[in-house]
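> Next up is a structure, given as structure tokens.
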Amino acid sequence: MAELDNDVTADVLDMIPEEELRICLFSIGEDLYAIPVEMLTEIIVLQKIFPIPTTPPHVLGVINLRGNIIPIVDIRPALELPFRGTPGQIAIIKRGSLNIGIIVDTVYEVVAVPESSVLDLPSESDTGTQDGKNRGRFLKGAIQRESGVATLLDIVQIFEEIKLT
């Protein structure tokens, strides 16, 4: 009886393509962030934002995008980032049936990265913060890039916690 090659399973696993995650890379302040492309509707240049009275400070107002009213939010406070200068673009993100714009400074590119390249971040218990009020709850992981590390945002968590009214 012929002996079976024990490495056949390893060879087959090497041939299975790794799942990829398509992400949009952008900056807010000096930090590089990423969001999954499937959540992104479009990127637009900054345009006049019409303030809405009695909204929270992170709700900058609304824009009229081709006849659709889009609320625009600044997620810097949620990420504990200071306000710095004039933002450059608006990322329109789909959340259920609602489109919401977030202010970003610069959009760099859309890339596909292996899902295995998304590294876990330390848990709140590892960092000594247990009150749930640190920015870590809005971050899904870190993605190592040649130019540095991009932080994958948990947009669903951000939108669950920020209030539009």
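The values are calculated or read from the model by the stated rules, or taken from the named source; none is laboratory data. Bear in mind the structure is a predicted one, so any value in this text is a computation, not a measurement. Please note: Cβ atoms are built from the backbone with ideal geometry, for glycine as well, and neighbour counts cover all protein chains shown. In case anyone asks, the SASA skips ligands and DNA or RNA and just uses the protein heavy atoms, side chains included. Shrake-Rupley method; radii C 1.70, N 1.55, O 1.52, S 1.80 Å.
> Being among the aromatic types (Phe, Trp, Tyr) and open to solvent by less than 70 Å² (accessible area, probe 1.4 Å) is the filter here; which residues of region 18-62 pass it?
Phe26, Tyr33
> So, one more: Given the residues Leu46, Leu60, Leu32, Leu65, which is the only one that is touching a Gly at 6+ places or on another chain (Cβ under 7 Å), over 22 Å from Lys140 (Cβ atoms) and modelled with pLDDT of 90 or more?
Leu46
> Could you list all residues from region 135-165 that are of a type in the set (A, V, I, L, M, F, W, C) and in a strand (DSSP E or B)?
Within region 135-165, Leu139, Ala142, Ile143, Val149, Ala150, Leu152, Leu153 meet the criteria.
> Working only within region 42-59, note down all residues that are farther than 18 Å from Ile93 by Cα and part of a strand (DSSP E or B).
Matches in region 42-59: Phe50 only.
> Still on this structure, please answer the following. In region 73-111, which residues are open to solvent by 40 Å² or more (accessible area, probe 1.4 Å) and over 15 Å from Thr41 (Cβ atoms)?
Residues satisfying the conditions are Pro77, Glu80, Pro82, Phe83, Arg84, Gly85, Thr86, Thr106, Tyr108, Glu109.
> So, one more: Can Ile92 be described as part of a strand (DSSP E or B) and closer than 14 Å to Glu38 by Cα?
yes
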